[in-house]
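The values are calculated or read from the model by the stated rules, or taken from the named source; none is laboratory data. These numbers come from a predicted model, not from an experiment. Positions of Cβ are backbone-derived with ideal geometry, glycine not excepted, and every protein chain shown enters the neighbour counts. Each accessible area value is taken on the protein alone, full model and side chains, heavy atoms only, with ligands, DNA and RNA left out. Shrake-Rupley method; radii C 1.70, N 1.55, O 1.52, S 1.80 Å.
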Amino acid sequence: MDDSQPILSICTRCRDGREAEYSDVRGGARLAKSILMKMQSRFDISFDLRGIACMSQCKRPCIAAICATGRFTYMFGDLDPENPTSIDALLDFPSLYLKAPEGFLERKERPKPLQKSILARIPSPISSSAIVIPLNM
């Protein structure tokens with residue numbers, strides 16, 4: 001993996017309740033496969049992709065997260081592996097993320113499918129973002 005690229009992680013073990021329809025292939029594995037298939041027809045890919053055996057968000061499958069050195073980390077859930085709009089949103093997000101200072105994107109700046117599905121937005125340890133509030137004890 002390239003240190004300068006964001007990393008898009010997909011939980012491959014997520015169950016979306018439709019495994020019986022897809023020969024017991026889990027929703028997360030189908031999401032990863034859908035992303036890989038769509039990436040083959042796109043030339044604007046600006047991230048590395050990896051699968052994660054479990055991202056511990058079983059109540060909100062399917063899960064994807066993006067992170068990069070010195071940038072915010074985002075986690076999204078309730079993604080539909082069969083919905084091309086969700087797949088396109090995940091593929092479009094990294095270029096927006098790279099253009100934003102520290103990768104910080106407000107809700108309205110994210111692709112529509114990723115506005116409601118956010119589970120976490122975590123600043124990097126070296127963030128200078130205005131949303132990071134020092135607590136002195």
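Quick rundown of the values:
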{"read-out": "Using θ = phi - 60° and Karplus 6.51 cos²θ - 1.76 cosθ + 1.60, couplings along the range 115-121 (whole Hz; Gly, Pro as x)", "value": "7, 8, 9, 5, 10, 7, 9"}
{"read-out": "Linear extension gain, Gln40 paired with Arg15, 0.36 nm per residue minus alpha-carbon span", "value": "6.5 nm"}
{"read-out": "Rounded to 5, percent antiparallel among DSSP beta bridges of the range 1-111", "value": "60 percent"}
{"read-out": "Protein accessible area in the chain, 1.4 Å probe - carbon and sulfur %", "value": "54 percent"}
{"read-out": "In degrees, nearest ten, helix 84-99 long axis to first principal axis of the chain (Cα)", "value": "20 degrees"}
{"read-out": "Highest average packing first - 46-56, 64-74, 125-135, Cβ atoms within 10 Å", "value": "64-74, 46-56, 125-135"}
{"read-out": "In sequence order, calculated HN-Hα J values of the range 18-34 (Karplus, 6.51, -1.76, 1.60; Hz; x Gly/Pro)", "value": "10, 4, 4, 6, 10, 6, 6, 7, 5, x, x, 5, 5, 4, 4, 5, 4"}
{"read-out": "3J(HN,Hα) from dihedral phi, the range 101-106, Karplus parametrisation 6.51/-1.76/1.60, rounded to Hz, x for glycine, proline", "value": "x, 6, x, 7, 10, 6"}
{"read-out": "Total charge dipole magnitude, the range 34-137, about the Cα centre, Cβ charges on Lys, Arg, Asp, Glu only, Debye to nearest 20", "value": "180 debye"}
{"read-out": "Solvent-accessible heavy-atom area per residue, rounded to whole Å², over the chain at 1.4 Å", "value": "59 Å²"}
